Every structure is written in C-alpha cells, then in structure tokens.
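Student: Let me give you the structure first, and then I'll get to my questions.
Quick note: the coordinates plus some simple rules give every number you see, no bench work behind them. No experiment lies behind these values; they were computed from the predicted model shown. Note that we place each Cβ from the backbone using ideal geometry, even for glycine, and neighbour counts take in every protein chain shown.
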Amino acid sequence: MTYRKAMACSLLLVCSLVAAGKNKKKILLPNDVLDAKTVLVVIDPDAGMSVDDPNANNRARGDVENALSNWGRFMLVTDVSTADLVITVRRGSGKYAQTTIGGMPNNDRPVIFQPDDAGGQVGGRNGYPPQAGDPTAPQLPRPHPQVEAGPSEDMFVVYRGKRDNALDSPPVWRYTAKDALQSPTVPAVDEFRKLIVEAEKQRAASQ
C-alpha cells in the first residue's frame, strides 16, 4: 500500500511539473526589441552576387525597406550606430549550392526616400555603411568567384543594433521561406509585423 501511495505521489509531481512547463509561455520578443524605433536594412555580408541575377539582393533590400516604410512602425536609417535593429536580407536561389561572385560591395547603397507626415525625408550615404566586424571603416572588396552553399530560400534576420559587430551577436529573430522577400507583399516583413503584434499582446497581458 505504501509503495502504491509513493508511486501515485511521484506521478502527481511529474504531471504538475509538466503542466507548469506548458503554462510558462516563451517570451516572443524582448522589451528592447518591442521598443525599437529605428532600423537598418543590409544585404547579408556573406551573400555573393548571383551570376544569373546580379541585382537580386539589392532589389530584396529595397523591397524590404519599402515594406517597412509602408508599415510605418520604424524609421529607416543608414548607420548601425543609430539603428535599434539591423535586418539582413538574402535572396535564395532555389539551390543549395551556386556559383556567385564574392567580395562585391553589396551594401553600397543609393539614396533612400523615407515617407513621413511632412512629405518625406531623404537619407543615404556614399561608400559602405557600417557592418559587422568593422562598423566604422569602409571595406575594400576584391571580387572573386566562389561556390556559395547554404539555404535555398529567402532569409530575413533581425539583430540588435547600436553596437560593434552587430551581426556577430545571436539574432533576435530569423525567417526563412520561399519568396519571403518577394515584392510587393514581402511576406517576411508581414510575419515580423504579426510577431510584434503577438509579442505586444503578451507583454500587455503580463503587466
């Protein structure tokens, strides 16, 4: 009888621990990310230039910036020192390995138009914006052919900004899917928006 009671107590304890684990919700996004106001969008520095579509990553960056502007939550900036968040983008080729041109100035960006209530503002810079590894000095790339292996789908990765080597830190959120950066819908931005909405509901419920 004593043995049966001990077993019952043990099972009850295990069930209670499992239930407690299930009830403890994972934090979707930390408060500093929810409070972010500025964002820098860059092409993944490890991404080479596609031989078949050299402008694929540049278009993806522009499409993501446009989608973020239309969302209206963040102000686009061109310097990691003023960016609360840094988003890297990378178009997938549908292949796990492809020949690309490495060492290209992927993030030598043109002028950006940022719409606002006053009619808009223009931002931009010459040369290369601050990047992970050396966020203040320009890079002098040397083009070279390479075989690029990795995910075959589009990638959208969010990091914390306002720090050196921002992209060397663990990402806040990552979204990988086929055509995730495809214009005009840009599903990756829409998924990020949905995540923030849910995270804000979670934060409000915990207060």
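Student: Label-point separation (nm) for residue 27 and residue 165, each offset 7 Å from Cα along Cα-to-Cβ?
Tutor: According to this spin-label approximation, the distance is 2.3 nm.
Student: At a Förster radius of 22 Å, what calculated FRET efficiency corresponds to the Cβ-Cβ distance of residue 206 and residue 174, to the nearest 0.05? Can you show the working numbers first?
Tutor: Numbers: r = 24 Å, r/R0 = 1.10.
Computed FRET efficiency for residue 206 and residue 174: 0.35.
Student: Here's a follow-up. Please arrange 28, 181 by how many other C-beta atoms lie within 10 Å of their C-beta, fewest to most. Walk me through the numbers before you get to the answer.
Tutor: Details: 28 17, 181 27.
Result, fewest neighbours first: 28, 181.
Student: With 10 angstrom as the radius, rank 65, 198 by how many other C-beta atoms surround their C-beta, starting from the fewest.
Tutor: With the sparsest Cβ surroundings first, the list reads 198, 65.
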